[in-house]
1. Here are Arg224, Arg329, Arg282, Arg307: which of them is within 13 Å of the ligand (Cβ to nearest atom), charged (D, E, K, R), in a strand (DSSP E or B) and touching a residue at least 60 places away in the same chain (Cβ under 8 Å)?
2. So which residues in the range 83-101 are hydrophobic (A, V, I, L, M, F, W, C) and either closer than 28 Å to Phe278 by Cβ or open to solvent by 30 Å² or more (accessible area, probe 1.4 Å) (or both)?
3. When the residues of the range 353-408 are narrowed to those that are aromatic (Phe, Trp, Tyr) and away from the ligand (no atom under 11 Å from the Cβ), which ends up modelled with the lowest pLDDT?
4. Assuming Lys5 fulfils every condition listed in (1) of a type outside the set (A, V, I, L, M, F, W, C); (2) within 16 Å of the ligand (Cβ to nearest atom); (3) surrounded by 15 or more Cβ atoms within 10 Å (Cβ to Cβ) apart from one, which condition is it?
5. When the residues of the range 19-60 are filtered to those that are part of a strand (DSSP E or B) and away from the ligand (no atom under 14 Å from the Cβ), which remaining residue is surrounded by the fewest Cβ atoms within 10 Å (Cβ to Cβ)?
6. Looking only at the range 103-143, filter to residues that are in contact with a helix residue (DSSP H, G or I) (Cβ under 9 Å, 6 or more places away or on another chain) and open to solvent by 70 Å² or more (accessible area, probe 1.4 Å); which one of those is farthest from Leu174 (Cα to Cα)?
7. Is there any pair with a first residue in the range 335-349 that is touching a residue at least 24 places away in the same chain (Cβ under 8 Å) and under 17 Å from Phe293 (Cβ atoms) and a second that is outside any helix (DSSP H, G or I) and hydroxyl-bearing (Ser, Thr, Tyr) whose Cβ atoms are under 7 Å apart and which are 6 or more apart or on different chains, and what are they?
8. Given the criterion under 18 Å from the mean Cα position of the chain (by Cα) and open to solvent by 20 Å² or more (accessible area, probe 1.4 Å), identify the matching residue among Tyr336, Tyr303, Tyr326.
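The values are calculated or read from the model by the stated rules, or taken from the named source; none is laboratory data. Everything numeric here is computed off the predicted structure, so don't read it as measured data. So basically every Cβ, Gly included, is an ideal-geometry build from the backbone, and we count neighbours across all protein chains shown. Heads up: the accessible areas ignore ligands, DNA and RNA and are worked out on the full protein's heavy atoms, side chains in. Shrake-Rupley method; radii C 1.70, N 1.55, O 1.52, S 1.80 Å.
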Amino acid sequence: MTVRKGSPWISQLERRRPAVALDDNESADTVIIGGGIAGLATAFFVLRDTDREVVLLEADLVAHGATGHSAGQAVAAMERRFDDLAGELGEERVAQGYRETLSGWERMGEVLDSTGRRDELIRARGMAAVDSPQAVASLLRERDRWNAAGAHAEVAVSDGIAAEGAVRIDGPRLASLLGTIDRRYVAALCAPAGVLNAALLTEALAEHLLSAHPDRFRLYERSRVRRLRLGDEVAATAAGGTVFADNVVLCTNGYTGMEIESCQVPVSVGNVKGVVGFMAGRLDDGPPGIAAFFRSGENSYYYMTRRPYSGRPLVAIGGPEKELPYGERYDARREYDEGAYRRIDAFARETLDGYDERDMEWHGLMGYTPGGIRLVGPDPGVPSLMYNLGCNGIGLLASLAGGWKVAQQMRGTLFPPSMFDPSRLARDKLVRLV
Ligand SMILES: Cc1cc2nc3c(=O)[nH]c(=O)nc-3n(C[C@H](O)[C@H](O)[C@H](O)COP(=O)(O)OP(=O)(O)OC[C@H]3O[C@@H](n4cnc5c(N)ncnc54)[C@H](O)[C@@H]3O)c2cc1C
């Protein structure tokens, strides 16, 4: 069978509007760079909650970046455990980061309502499974941390595993909830979650903002910002012109390739690495679902989404990643690692009944800031530069939460210190200098 290359989510987009590129100089109050879910969500909240005029510049087309290449899991989760993060950043900052991430659910509801896309998010239980009894204690601690931040998580353990406060479940039932035929998993952290086509939602946001705010919102695609001048006034220059504004929000997923002119070096400069994430898909059967699988023996991690797609459920599986050398620009058409898809196939054969081989494959770029933690808010040295980026692999809800927070900060709202504050990188620099 021929494997179809490219994201299935992007192929569902039915664009009704032409791509308009910047072809003159413009001015606005805020310029947002990047037209993925982070950029459009930031525009949504800035336009809704302030009276600022916004121009958004996108290098390619809306939602064609990581947003269009994800696994579509709406989950409040971190790639690193609370205790690990707290050791580096302090408990309070991490707890605040957990609360902010959870607030992404409220923001998701607001975005779905405003765009008339309530049905786009299909609610499902999110499950993160482990295969070793030793890992259960850390699941329980993680559950407690999320619940302290306001989540409704629980841990399910299979018979024979000692774990106080966990829900007991028999092995076959656990496997069935995980959507796998593989019986190696002994426990799972479960929490409310959802599946969505994030590209469709982001495109719907673009259409909504263009029609709801014709006087305050302009969107230019195929307008890569090549130079960004920072100061009391900012100037974002693309091939067709320059946008002058009071401030700029970088929503570029981290990796920008733009020249920055500034008296102070922004903390993001030299601090983002690109990681290619690989995914394979196949039309299958079964109810919508979300699961992540941690396999201790192989030290590997896979995630799986099942979601209705053109009349039949699509199972999308990811996990393998490849780090790009620093400074190398990601190329969406390049073949980075054919073996990654074969590894996904091998995992899927152990996981899904009757799986033979993928019939789709795609990859996308994750921009990682140091520690794998997002940057949300103003740069400590250059206040006219704000961030909502650094996808951390699990960035859909977090992008919505970040967009809202940035909009409130523009209104002067102060927030408790958070793990997402860009100042953490300034502190790192200081420590290194000392
Ligand atoms: C394979 C994969 C699977 C994933 N699965 C999940 C998941 O299941 N759940 C989850 O929560 N997260 C997931 N993620 C992460 C999630 O996709 C991202 O966190 C999220 O989409 C990031 O949105 P964004 O808007 O920041 O980035 P993007 O969607 O990448 O948007 C950034 C935009 O900035 C533009 N840009 C960059 N530089 C410039 C410039 N100089 N000028 C103008 N525009 C520029 C780019 O063209 C791009 O469109 C996954 C990511 C990948 C790659």
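1. Selected residue: Arg307, the only one of Arg224, Arg329, Arg282, Arg307 that is within 13 Å of the ligand (Cβ to nearest atom), charged (D, E, K, R), in a strand (DSSP E or B) and touching a residue at least 60 places away in the same chain (Cβ under 8 Å).
2. Leu85
3. Applying the filter and picking the extreme gives Tyr355.
4. Here Lys5 meets the rest and fails (3).
5. Ser27
6. That would be Arg117.
7. So the pair list comes out as Phe347/Tyr302; Ala348/Tyr355.
8. Tyr303
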